[in-house]
Every structure is written in C-alpha cells, then in structure tokens.
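What follows is one structure encoded as structure tokens, with my remarks underneath.
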Amino acid sequence: MRGTLKKRFLALALSLLTICALTMPVFASPKIIYRHTGSSEKKRVALTFDDGPHPRYTPQILDILAEYGVEATFFTVGSNVEAYPKIIERVLAEGHEVGNHTYHHYHTTNVKGEVLTKDILECGHILKKHTGQVPHLFRPPEGVFNEEIKQLCEEQGYIIVMWSVDTRDWAHPAIEDICKNVRENVRDGSIILMHDFIGKNSPTPAALRRIIPMLQESGFEFVTVSRLLEG
Ligand SMILES: [Zn+2]
C-alpha cells in the first residue's frame, strides 16, 4: 500500500514538473563564449580578427595564414564588407569563417538600443548578401553587450563570441609584447583577439608571423570558432 502511494506521489510530481516546464516563459539565454574546450585530444585555439576587412592588412594576414595552413575567424564590420567585397570573397575561399561585428562599429555605450539593434541586423544582411551565408557568430564592438543585445542574439540565433586572450594589438604595442601576451595566457580552447583594421602601422601581421609557429611548436592546432565549438 505504501509502495503504491509512493508511486502515485511520484507520478503526480512528475506531471506537475512537466506542466511547469511546458508553461514556463522562455527567457533569453544566448550562448556566450569566452573559451571552449571540447573532446579533441589536441590543444586547440581560435584566432579571431576584428574590424576588417582592410585593403592592406587583411590580405597580409591571409597570406600568413595560408603560408602556415591555418584557419581563422574574421568578425567583420558591414560597411567595410561593402567597401571591400573581394577581400571577403577571398577570406571565405581560403576556408576561413566570417562573423558579425555590426555595420558601423559604434561605441556601444554611446548609442541607443534600437540604433545598435539596427546595426547588428544590417551587418547580418550585408554578410548574407556578400557571402550567401547567414552569420551565426556575433562579437559586440569592444566586447560590450547588455540584456537587449542578448535578447536580439537569442532571437536571431547568434552565439556571442568574446575572447580569453587579448593580444592588445589595437594599442600598437611592441611585437614582442603581443607575443608575450599570447605566450603567457594561451591555454587549450583559447579564443585569441586580434584586429585586421587598426589604422596605420599595424603590428598585427608581424606579430602573427611569430605567434603561429610559436603555438604550433607548443602543440596547438588552429581552428575556426565554429570548429572549436564543435569539438
Ligand atoms: Zn571591433
């Protein structure tokens, strides 16, 4: 008798749980990643380049990636994609991945929510137009995002991709400092932040030429962000 009551109680509890699960509102919860380790036996990292394409530096970076047979992810600015569509064609033709970094790259804290929303959607449209693919990775300018952006990313199916290693190439430090920054902070699953559009005298290509062999010698494999997530 006791056993039967217990079973009935359990069945009732399960039904209530099911009803709760079905009727609960779905809260916005986009995936936000900083670093990702999967089941791969190899140590893997994802190189990411923001703000391009740039007519001078993106081709230089692509040449270096090709030389070492390395794939990367480019978080592009929509207005630059429109200005240099041939470079984006090359990025994709060489096996790299492209993500959304907004259309204008506004300073996130300086614009209203609806302006930023429009800017994210606009970059998505431009990328679809020029690549034929709907982007699913989004990196917020300066890494700043709020609930509104999270909600939008959830609705649009974007994963918010942050980083775990900031090379600080954007501050134009010495090349050795960029390399040291990577060497001291890189781990399995790291997402490394670099830039292919940072104005004059970019240190990024020269630093990249040292970072790739340095990490390969330490046993790291380079993958796109999507492949990092698959693992
Ligand atoms: Zn940026």
Self-check item: Those residues of segment 206-219 which are surrounded by fewer than 19 Cβ atoms within 10 Å (Cβ to Cβ) and either closer than 15 Å to K43 by Cα or not charged (D, E, K, R) (or both), in sequence order
Solution: A206, P213, M214, Q216, E217, S218, G219
Quiz item: Does any residue of segment 83-92 turn out to be within 30 Å of T37 (Cβ to Cβ), touching a strand residue (DSSP E or B) at 6+ places or on another chain (Cβ under 7 Å), surrounded by fewer than 21 Cβ atoms within 10 Å (Cβ to Cβ) and in contact (Cβ under 8 Å) with a residue 60 or more places away in the chain?
Solution: no
Self-check item: Residues that are under 16 Å from E147 (Cα atoms) and not polar (S, T, N, Q), drawn from segment 100-118
Solution: V111, K112, G113, E114, V115, L116, K118
Exercise. Name the one entry in L65, L121 that is farther than 23 Å from A207 by Cα, in contact (Cβ under 8 Å) with a residue 24 or more places away in the chain and of a type in the set (A, V, I, L, M, F, W, C).
Key: L121
Quiz item: On the given criteria, is I126 crowded, with 21+ Cβ neighbours inside 10 Å and either touching a helix residue (DSSP H, G or I) at 6+ places or on another chain (Cβ under 8 Å) or farther than 17 Å from A46 by Cα (or both)?
Solution: yes
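Just for segment 47-82: of the residues that are among the small types (G, A, S) and within 16 Å of the ligand (Cβ to nearest atom), which one is farthest from H105 (Cα to Cα)? Write out each step before concluding.
Step one: list which residues in segment 47-82 are among the small types (G, A, S), which gives 52, 66, 69, 72, 78-79.
Retained after the next criterion (residues that are within 16 Å of the ligand (Cβ to nearest atom)): 52, 72, 78-79.
Values: G52: 11, A72: 21, G78: 9, S79: 9 Å.
Among them, the one singled out is A72.
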Quiz item: Scanning segment 81-113 for residues that are basic (K, R) and in a helix (DSSP H, G or I), which turns out nearest to V70 (Cα to Cα)?
Solution: R90
Quiz item: When you scan segment 114-231 for strands (runs of 3 or more DSSP E) that lie fully inside it, which ones turn up with 3 or more residues that are under 18 Å from the mean Cα position of the chain (by Cα) and either within 15 Å of V77 (Cα to Cα) or at pLDDT 95 or above (or both)?
Solution: 159-161, 191-195
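Rundown of residues vs (1) basic (K, R); (2) surrounded by fewer than 20 Cβ atoms within 10 Å (Cβ to Cβ); (3) under 30 Å from G219 (Cβ atoms), yes/no style:
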{"site": "H107", "(1), (2), (3)": "no, yes, no"}
{"site": "K112", "(1), (2), (3)": "yes, yes, no"}
{"site": "L121", "(1), (2), (3)": "no, yes, no"}
{"site": "F138", "(1), (2), (3)": "no, no, no"}
{"site": "K150", "(1), (2), (3)": "yes, yes, no"}
{"site": "E155", "(1), (2), (3)": "no, yes, no"}
{"site": "D166", "(1), (2), (3)": "no, yes, yes"}
{"site": "W170", "(1), (2), (3)": "no, yes, yes"}
Practice problem: Determine if segment 156-172 includes at least one residue that is more than 16 Å from the ligand (Cβ to nearest atom) and free of Cβ contacts under 8 Å to residues at least 24 places away in the same chain. | Solution: yes
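The values are calculated or read from the model by the stated rules, or taken from the named source; none is laboratory data. Keep in mind that this is a model prediction, so the values were computed, not measured. Every residue, glycine among them, receives a Cβ derived from its backbone with ideal geometry; neighbour counts consider all protein chains shown.
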